[in-house]
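First comes the structure, then the notes that go with it.
The values are calculated or read from the model by the stated rules, or taken from the named source; none is laboratory data. Given the structure is predicted, the values throughout are model-derived calculations rather than measurements. Virtual Cβ from ideal backbone geometry, glycine too; neighbours counted across all protein chains shown. Ligands, DNA and RNA are stripped out before the accessible areas are found, and what is left, the full protein with its side chains, is counted by its heavy atoms. Shrake-Rupley method; radii C 1.70, N 1.55, O 1.52, S 1.80 Å.
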Amino acid sequence: MLTDIIRADLETEVWECLEMVTDPELDEPITDMGFVERLEVIDARRVEVEFRLPTYWCSPNFAFLMAFGIRREVGALPWVREVQVWLNDHCFGDQVNEGVNSGRAFGEVFAEYCDGADLGEVVEKFMAKAFDRRQEVVLRGLRRRGLGAEEIVAMTVGALDRVVFGSEDEIRQMARYRDLLETQGLADTPDAPAFPTWDGQPIAPADLPAHLDRLRGTRISMEFNGAMCRGLASTRYKEVEIGADGPTLVDFMLGRVPPREDAAMRK
């Protein structure tokens, strides 16, 4: 039997794994977006995760990618033998839940429920947007440090790794940008160019301002969508700070405490 301390330690490991799962449209962790509704470790072998999205009709593409991302990341923990994932309160919830918990391959399930959509094309589209957003933050950080266009486009990965960034967002996105450079094979060695385009092309110094403008447009769009998702989720679930003694009559009168189904009823 698990003690409370052991269970808490294992749940912390799972939460850290879930930070690696992002909303593909926003490139933000589902933990930061508040999508994870319940996490439970059972018998030090089985993990159950429930998540939700901001609206009832959020794209099933996004839902499938996040659901299978949860199963992939949590299932990679050495002590986990089984992962059960449930998407709650969604028009495609039954299909997502059946697909992710069936044990079938992601591509097979995705094609079956998404009109034969090519998984590779969908993932590529979202990864390209994530790459652009992360690169833009790093580039802006270098510009703020006084580096010119020629210095930036000539910078190698090794030189970039020696830059000390100041803001929390720069540090975070730098690590995430480097991860994509390596996993996508865009920079395999320290002397490789630090700032290729997503398709691996170099950027000329004269083209850097226009490149930054394009990346800025991508970032603003993603940030706007992120803010809208947070607002929709807050409105839908009416989540507010409830006092230590629980909700008051006023909280119920103002609709701050919506009725929720028992989790067991949704399984």
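Mean sequence separation of contacting Cα pairs (under 8 Å, at least six apart), scaled by the length of the chain, corresponds to a relative contact order of 15 percent. Rounded to the nearest 10 square angstrom, Cys229 shows an accessible area of 20 square angstrom against a 1.4 Å probe. Axis of helix 168-183 versus longest Cα principal axis of the chain: the two differ by about 80°, to the nearest ten degrees.
When +1 charges are put on Lys and Arg Cβ atoms and -1 charges on Asp and Glu Cβ atoms, the dipole computed for the chain relative to its Cα centre reaches about 440 debye.
Rg/Rh for the range 1-142 stands at 1.00; both radii use Cα atoms, and Rh follows the Kirkwood definition.
Expressed to the nearest 5 percent, the antiparallel share of DSSP beta bridges inside the chain is 55 percent. Stretching the chain fully between Leu232 and Ala105 yields a gain of 42.6 nm (0.36 nm per residue, less the alpha carbon separation). The convex hull around the C-alpha trace of the range 121-230, projected and averaged over every direction, spans 7.1 square nanometres. Compared with the dominant Cα axis of the chain, that is its longest principal axis, helix 60-75 is turned about 90°.
Here Trp15 and Asp199 are evaluated by their C-beta separation; at R0 = 41 Å the FRET efficiency comes out at 0.70.
Inter-part distance, the range 7-41 to the range 80-129, computed on C-alpha centroids, equals 17 Å.
Within the chain, the longest run free of exposed loop sites, counting chymotrypsin sites (Phe, Trp or Tyr not before Pro) that sit outside DSSP helix and strand states (H, G, I, E, B) and have at most 15 other Cβ atoms within 10 Å, spans 80-267. Of the residues Leu212, Asn225, Gly148, the one whose Cα sits farthest towards the positive end of the charge dipole of the range 121-230 is Asn225 (charges of +1 on Lys and Arg Cβ, -1 on Asp and Glu Cβ, taken about the Cα centre). The largest-to-smallest principal axis extents of the Cα set in the chain are 61, 45, 43 Å. Close amide H contacts of Thr156 (hydrogens built in the peptide plane, cut-off under 5 Å, sequence separation of 5 or more or a different chain): Ala194.
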